[in-house]
Structures are given as C-alpha cells and as structure tokens.
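A.B. asks: Pasting in a structure now, in structure tokens, and then I'll have a few things to ask.
Bear in mind that the values in this text are calculations on the coordinates, not laboratory data. All figures in this text were calculated on a predicted structure; none of them were measured in a lab. Here the Cβ is made from the backbone with ideal geometry for all residues, glycine too, and neighbour counts use every protein chain on show.
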C-alpha cells in the first residue's frame, strides 16, 4: 500500500521546503521529498542542491520591482520562522551595492518600502574599508539587508513542516507518472501517490516533466577566504570588479563554516560563461570549479579589501538557474503538476514568498496576488 498525499513537493531546497510549510500549515496532507546534502560531493551522484552554504545576500533594493516586493514579503516573516523553529538564520549586517543601475535599484527599494540610500565611494571606504574603483554609483542598505544562512533556513522550514504534520522524505524522487489517484512518485524515496505535485528541483529534475522548461543552468565557482571577523564589513554587490574577466561579484562577510574556518565567501560570474546541460551538472558539482574564475575572484577580493590578511583559500562549484524573464517560474505546467523553479541567482532571500505563491496555486482555482501571474508564467524550450 503506497502512502498517499494531497500534494507531493519534489525538491527540498529553499523554495520547496517553504512551499511545503505553507501547504502543511494551510491544512494540506503534504510530503516534501528531497535528500539531505551529500556527505561528499566529489563521490555523490546527486541530485545536488545549492543551499548547503553559510551565506546568501538579503536585500530589498532588488534588480526589478518584483524582486524587491518578493524580498520585502519574505523578510517580514524571517523572525516568525526563526522563533517558531528555534533556528536563527538572518544576519542584518547591511549591504553595499555598486552598479550602473543603482538609480533603478533605489527606486525599486523605495516602491517596496525599503531604506536604501545613495552614498559614494569615499563614504564606503571610510565606513567599511571597501575600496570601490569601478566609477559606478553606490547605494547602502542597512538592516534588514545583510545575509541569510540558507542551510539553516531550509532546516527551519523543514522543522516547521513536521510541526504542521507534514511528511519529510529525505531521499530523492526520479520518476513521476500518471496514476488513478493523480500521480505516482518513485525513486530512492520509495513509492507514493499524490493528487497533485509541485516540482521545486532547481537545476535538476527535468526528467520529471513531460516538456522541457526554458532554463539556463549557469556554472559558477565560489571562493571562501579565511580571515578574521570584521563587524564593520557589510555584504557587497559590485558590477565591474577589479578583475575585468568578471562581470559582477558579490560577497557575504566572514562567518564560521562547518569545517571550523571563519571565512568570507565571494562569488560572481565570468563575462564569457556559458550554460551547461543538466546531464553535465553531476560532473560539475564533483569538481573544483573553474580555475580562471577562482583566480579572478581572489584578485577582486584583494583589490576591494587592500591589505586584508587571508590565511587560507577554498573553492567549490555552484549553479545558477536562469530564466529568460529574469524571474522564477511559478505556475502550472500540466494538469495537476506545477513548478516553482529558476531562482536566477536571487531567490534565496525571497524563497519563503516564492514558496507561498507556489502553495497558493493549490489553495485556489485562480491566481490571487497583486503580482501578476504572467510575471512567473513557465516558458518551455
């Protein structure tokens, strides 16, 4: 006899765990399916995820009005999630952003009720020690901007799913087929049935869908630099950083990693990076990333923080899943199957609201939100 659910959420990352929480707390009989992070990514066959990490930027001054609105809604629930789960994950250390588009980001912040303000490079170096030489406008956004711990946020959401009587299945699903009860899910998770399904598998999971979504899986490499904690150092976004092989970088300030190191994490994207097929992702996640990107990130960090003392470096691969609209897909893709997928490198901070929007698909026949459904409509390749 298979276990049977109203909704199966396949994918237990940031968006999937959030969606499962909202569904469970709304009274649905829900199962969220997805493995814990691999003990050793070099030997794991996946599927992999991007939340095993200690820091992701959170901000209201987003790159579109929609991203700013998603962020402000999610941030408003951080404290409640932390209090009810007993797991802290938000560090409001502030954010410096330097980009040709700062005026747009300031406008987006204002529309969403944020507090970002225009500053200049002299203010930044005096207040934070960050040396910006790209000549672009700059903004500073104080609390609640800063960073979240994505690993702990998934842990918190998963705990709240269980508190709301939802089922957490810590194994992967590999097939989805039609069934008299709706759908049958099989894989390392065993076999179960669900009336309806939500797929939140990030860069993976295309084999679960009958049609391919238009997704660009972009390989990225992140570097951690072991250094002492600096209470004055905010999170950073910088377009045209010191090493011109990079289009943009970001960092989160030094935090303690599971290996005991206290390290700043820096990531970004090379100007000439190309998407990879899902089939190539396992080998990518087992690798050390791109040595060119590693070198460029190190150069940029040393240029932005002159005189900083780094005692060790480490690196690992990551993937950003982009859509052609620069917004996630949240919607139905076939009868009874919806997706919430394609974070575009900006979804971690807003994952609770993206999960809520996805859960609402199962609560109502119609889209009931001030953000238009067309913004999130899935596109097929």
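A.B. asks: Under a crude label model (7 Å from the Cα following the beta-carbon direction), how far is residue 272 from residue 299 in nanometres?
C.D. replies: Roughly 1.3 nm, to one decimal.
A.B. asks: Just the number, please: Stokes-Einstein D of the stretch 30-70 in µm²/s, Kirkwood Rh from C-alpha pairs, 37 °C, 0.692 mPa s.
C.D. replies: 245 µm²/s
A.B. asks: With a point put 7 Å past each Cα toward its Cβ, work out how far residue 26 is from residue 117 in nm, to one decimal.
C.D. replies: Distance between label points: 4.0 nm.
A.B. asks: Rg and Dmax in Å for the stretch 7-143, alpha carbons only: what are they?
C.D. replies: Cα-based Rg and Dmax for the stretch 7-143 come out at 18.6, 55 Å.
A.B. asks: Provide the gained length on full extension for the span residue 131 to residue 261, in nm with one decimal, where the gain is 0.36 nm per separating residue minus the Cα-Cα distance.
C.D. replies: 44.3 nm
A.B. asks: Using 1/(1 + (r/R0)^6) with R0 = 35 angstrom and r between the beta carbons of residue 44 and residue 181, what's the FRET efficiency to the nearest 0.05?
C.D. replies: Calculated value: 0.65.
A.B. asks: Set the Förster radius R0 to 45 Å, insert the Cβ-Cβ distance between residue 288 and residue 214 as r into 1/(1 + (r/R0)^6), and round the FRET efficiency to 0.05.
C.D. replies: After rounding, the FRET efficiency stands at 0.95.
A.B. asks: Any idea what log10 I(q)/I(0) is at q = 0.15, 0.19, 0.23 Å⁻¹ for the stretch 262-381, Debye with uniform C-alpha scatterers and no solvent?
C.D. replies: The Debye formula, applied to the Cα set alone, gives -0.85, -1.08, -1.34.
A.B. asks: Can you give me the relative contact order of the stretch 90-217 as a percent, contacts being Cα pairs under 8 Å and 6 or more apart?
C.D. replies: Once divided by the residue count of the stretch 90-217, the mean separation gives 20 percent.
A.B. asks: Note the angle between two axes, namely the Cα long axis of helix 150-163 and the longest principal axis of the Cα atoms of the chain, as a number of degrees from 0 to 90, rounded to the nearest 10.
C.D. replies: 30 degrees
A.B. asks: Compare the peptides 193-202, 281-290 by average per-residue count of other Cβ atoms within 10 angstrom and give them in order, highest first.
C.D. replies: Ranked from most to least packed, the peptides come out as 193-202, 281-290.
A.B. asks: Binning at 10 angstrom from zero up to the longest distance, how are the C-alpha pair distances of the stretch 296-343 distributed in percent?
C.D. replies: It works out to 19, 27, 20, 19, 12, 3, in whole percents.
A.B. asks: By how many nm would the segment from residue 3 to residue 363 lengthen if fully extended, with 0.36 nm per residue of separation less the alpha-carbon distance?
C.D. replies: Result: 127.4 nm gained on full extension.
A.B. asks: Shape of the stretch 209-272 from its Cα gyration tensor (a ≥ b ≥ c, root eigenvalues): rounded if a/c is under 1.5, otherwise prolate when a/b > b/c, or oblate?
C.D. replies: Taking the square roots of the gyration eigenvalues as a ≥ b ≥ c, the stretch 209-272 is oblate.
A.B. asks: Okay, moving on. Please pull out the direction-averaged projected area of the chain, using the convex hull of its alpha-carbon atoms, in nm² to one decimal place.
C.D. replies: Its average projected convex-hull area is 17.6 nm².
A.B. asks: Identify which of 345, 260, 190 has the largest mean-square fluctuation in a Gaussian network model of the chain, with springs joining Cα atoms closer than 10 Å.
C.D. replies: Taking springs between Cα atoms under 10 Å, the residue moving most is 260.
A.B. asks: As a test of the formula, what do you get for the chain when each DSSP H run with n ≥ 4 contributes -39,500 (n - 2.57) and the sum is divided by the residue count, at 222 nm and rounded to the nearest 500 deg cm²/dmol?
C.D. replies: One gets -7500 deg cm²/dmol as the mean residue ellipticity at 222 nm.
A.B. asks: While we're looking at this one, here's another question. Can you tell me the 0 to 90 degree angle between the C-alpha axis of helix 65-85 and the longest principal axis of the chain, rounded to 10?
C.D. replies: 70 degrees
A.B. asks: Using a Gaussian network model on the chain with a 10 Å cutoff between Cα atoms, which of 108, 363, 149 fluctuates the most?
C.D. replies: Comparing 108, 363, 149 in the GNM, the peak value goes to 363.
A.B. asks: Determine, for each peptide in 11-20, 166-175, the mean count of other beta carbons within 10 angstrom over its residues, then list the peptides with the highest first.
C.D. replies: My ranking of the peptides, most packed first, is 11-20, 166-175.
A.B. asks: Here is a follow-up. Can you tell me how much longer the chain between residue 143 and residue 36 gets when fully stretched, taken as 0.36 nm per residue apart minus their C-alpha distance, in nm with one decimal?
C.D. replies: Here the segment from residue 143 to residue 36 would lengthen by 35.4 nm.
A.B. asks: Given a cut-off of 17 Å, what percent of all Cα-Cα pairs of the stretch 161-252 lie beyond it?
C.D. replies: 70 percent
A.B. asks: How large is Rg over Rh for the stretch 100-139, taking Rg from the Cα atoms and Rh as the Kirkwood inverse mean of 1/r across Cα pairs?
C.D. replies: 1.02
A.B. asks: Where does helix 351-360 land angle-wise versus the long Cα axis of the chain, in degrees 0 to 90, nearest 10?
C.D. replies: 30 degrees
A.B. asks: Compute the projected area of the convex hull of the Cα atoms of the stretch 1-84, averaged over all viewing directions, and report it in nm² to one decimal place.
C.D. replies: 8.3 nm²
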